[in-house]
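First the structure, in the form of structure tokens, and then the observations on it.
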Amino acid sequence: MAKKTGKPQGQQGAGHAKPRRKRLSPEERRAQIVAAARALFAAEGIDHVSMRKIARRVGITQAAIYQHFENKEAIFFVIIEGFFGELLAALEAAVASESEPLHRLRRAMRAYIEHGLSRPEEYRLVFMTPMSGLARAGLAVPRTDEARHAPSKGSLSFDVLDGAVRDVVLAGRTRYADADLLAEAVWAAGHGLVSLLITHDKFPWTDRARLVDFQLDLIFRGLLQEGCPMRQRPFIHN
């Protein structure tokens, strides 16, 4: 009788079977969707990215993505709140151990700049997206009634900076009494530096770390009163 050479029934092609894909938990799938959306938003801009495109990047159907997020603005909100949650923690840690008002403000601005430079793509999304896009995503914009009643992490982050500026004004150190305008000007100066270093990362900067220190010194010497002793000596660089 001829010897059977075939494989036992049920084992045909077993070596070529495709491994079963791990089923993700809802939390894991949401994280995957957010990561894909973050990459697409950074590359193409939020207005040019659809839910269909995000679903395709993840490898799920368009119907499936709506089981996790209502729209792309809801995904954008998660990205924004994640960024601001970390920024808020960095700002609060920076000012917690400093009692001198001007140094508190300087520490807060340094924390802001360092956080932005450490997350360039997220910074682009959060701070280089028109305010209408942030509002659509559900962000409570600082100094609005919505922010006062239901503050977002973004508005809470601004409150740390705003409060630090007010403390300097109340201490009588500044040549200007308009705390609102000062807070906006200080933030604008810090944002300009961060956005410039992110956008022109290939520029042959002399020394990025020294540039940050120098910019901070320029900002704070400019807002101090003429006779303030702190204007005559270097700030503590920390």
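The values are calculated or read from the model by the stated rules, or taken from the named source; none is laboratory data. Computed from a predicted structure; not experimentally measured. FYI the Cβ positions are ideal-geometry reconstructions off the backbone, even for glycines, and counts take in every protein chain you see. Remember, those area values only see protein heavy atoms, side chains included, never the ligands or the DNA or RNA. Shrake-Rupley method; radii C 1.70, N 1.55, O 1.52, S 1.80 Å.
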Q | Near pairs, Cβ below 6 angstrom, 6+ apart or cross-chain, from the stretch 170-198 (under 20 Å from ARG110 (Cα atoms) and free of Cβ contacts under 8 Å to residues at least 60 places away in the same chain) to any residue that is of a type in the set (D, E, K, R) and open to solvent by less than 30 Å² (accessible area, probe 1.4 Å) | A | ALA183/ASP162
Q. Any idea which of (1) under 22 Å from ARG119 (Cβ atoms); (2) touching a helix residue (DSSP H, G or I) at 6+ places or on another chain (Cβ under 9 Å); (3) open to solvent by less than 80 Å² (accessible area, probe 1.4 Å); (4) not charged (D, E, K, R) is the one ILE60 doesn't satisfy?
A. (1)
Q. Counting only residues that are open to solvent by 60 Å² or more (accessible area, probe 1.4 Å) and either closer than 29 Å to VAL141 by Cα or outside any loop (DSSP other than H, G, I, E, B) (or both), how many does the stretch 202-220 have?
A. 5
Q. Of the residues that sit in the stretch 176-201 and are among the charged types (D, E, K, R) and open to solvent by 70 Å² or more (accessible area, probe 1.4 Å), which one is farthest from HIS103 (Cα to Cα)?
A. ASP201
Q: Give me a count of the residues in the stretch 177-201 that are more than 24 Å from the chain's Cα centre (by Cα) and not in a helix (DSSP H, G or I).
A: 2
Q) Does the stretch 141-162 hold any residues that are buried (at least 18 other Cβ atoms within 10 Å of the Cβ) and of a type in the set (Gly, Ala, Ser), and which are they? A) ALA147, SER152, GLY154, SER155, SER157
Q.
Looking only at the stretch 13-45, count every residue that is surrounded by 10 or more Cβ atoms within 10 Å (Cβ to Cβ), in a helix (DSSP H, G or I) and modelled with pLDDT under 85 and tell me the total.
A. 0
Q.
One residue is enough: does the stretch 150-161 have a residue meeting the conditions free of Cβ contacts under 8 Å to residues at least 24 places away in the same chain and hydroxyl-bearing (Ser, Thr, Tyr)?
A. yes
Q. Which pairs do you get when a residue that is farther than 14 Å from GLY45 by Cα and of a type in the set (Asp, Glu), found in the stretch 131-149, comes within reach of a residue that is at pLDDT below 75 and open to solvent by less than 10 Å² (accessible area, probe 1.4 Å), reach meaning Cβ atoms under 6 angstrom, with the pair 6+ apart or on two chains?
A. none
Q: Return the only residue of LEU91, LEU102 being among the hydrophobic types (A, V, I, L, M, F, W, C) and under 13 Å from GLY190 (Cβ atoms).
A: LEU91
